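The values are calculated or read from the model by the stated rules, or taken from the named source; none is laboratory data. Note that the structure is a prediction, hence the values are computed from the model and not measured. Note that we place each Cβ from the backbone using ideal geometry, even for glycine, and neighbour counts take in every protein chain shown. The protein model used for the area step is the full one, side chains on, heavy atoms only, and it has no ligands, DNA or RNA in it. Shrake-Rupley method; radii C 1.70, N 1.55, O 1.52, S 1.80 Å.
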Amino acid sequence: MTEEKKAGREAAPAEPKAPSKNQPFLDRVVAIITEMVGGDAVESAEINEKGNEMPTLVIKNERWLETARTLKMNPELSMKYLRNITGVDQETHFEVVYHLLNMTSKQEVCVKVKTGREQPSVSSVTPLWATANWPEREIYDLLGIDFPGHPDLRRIMMPDDWVGHPLRKDYVPLDPEV
């Protein structure tokens, strides 16, 4: 191959990346939340390219319960199935991550709610999705995130007298051999 051809190939501009097929859905979810909950409810919204182009929202903690209710009850969204909840220690803060699904349209959304490390707290969605009950207890037990409004928030894996929350990155066990 000649140097000219090599140079020509390098100089050609890259084609712009096509928008995600899920972008219109994400835009609509943001519009509905903004209209129903308020313009300050959504901190950020993006398509998670590494996560199978999952529409992903970060919702302000103080607006979470109202947003959750909207995601479930709004007829257009109808996110009636809570697939998964997990807690994540991001070292500077915690996140509770919810994966929601509309069983009819098969549209999915991932919602993240941030909380501080000192007194971590995110409103319970157990009254909306009964399947949140045990995962919220597990997150409480292992990370120490409180879920106000939970009907029975207590340890589920560790003994009641266990000190600390073993999945926190700053957790130091009393006995390092355990």
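Local charge for Asp170 was computed over the other residues whose Cβ lies under 9 Å away, with Lys and Arg +1 and Asp and Glu -1, and equals +1.
Each of Asp152, Asp89, Asp161, Asp170 has its accessible area taken with a 1.4 Å probe; listed largest first, they run Asp161, Asp170, Asp152, Asp89.
Counting heavy atoms of the protein chains only and a 1.4 Å probe, report the per residue accessible area for the stretch 1-131 as a whole number of Å².
59
Straight-line reach from Lys80: taking Cα to Cα under 23 Å and skipping same-chain neighbours fewer than 8 places apart, the lysines in range are Lys21, Lys60, Lys72, Lys106, Lys112, Lys114.
When P(r) over Cα pairs in 10 Å bins from 0, in percent is calculated for this entry, the matching label among [x] 11, 43, 40, 6, 0; [y] 9, 32, 34, 19, 5, 0; [z] 9, 32, 28, 15, 8, 6, 2, 0 is [z]. When a/c reaches 1.5 or more, the comparison of a/b and b/c decides; with that in mind, is the stretch 95-134 rounded, prolate or oblate per its Cα gyration tensor? Oblate, since a/c reaches 1.5 and b/c is not below a/b. Largest accessible area first, the listed residues Trp162, Trp64 line up as Trp162, Trp64 when surface is computed with a 1.4 Å probe on the assembled protein chains. As a fraction of the 1.4 Å probe accessible area of the chain, surface on carbon and sulfur atoms comes out at 52 percent. Each part reduced to its alpha carbon centroid, the stretch 116-178 and the stretch 12-57 end up 30 Å apart.
Between Met103 and Glu35, the C-beta separation translates, for a Förster distance of 30 Å, into a calculated FRET efficiency of about 0.80.
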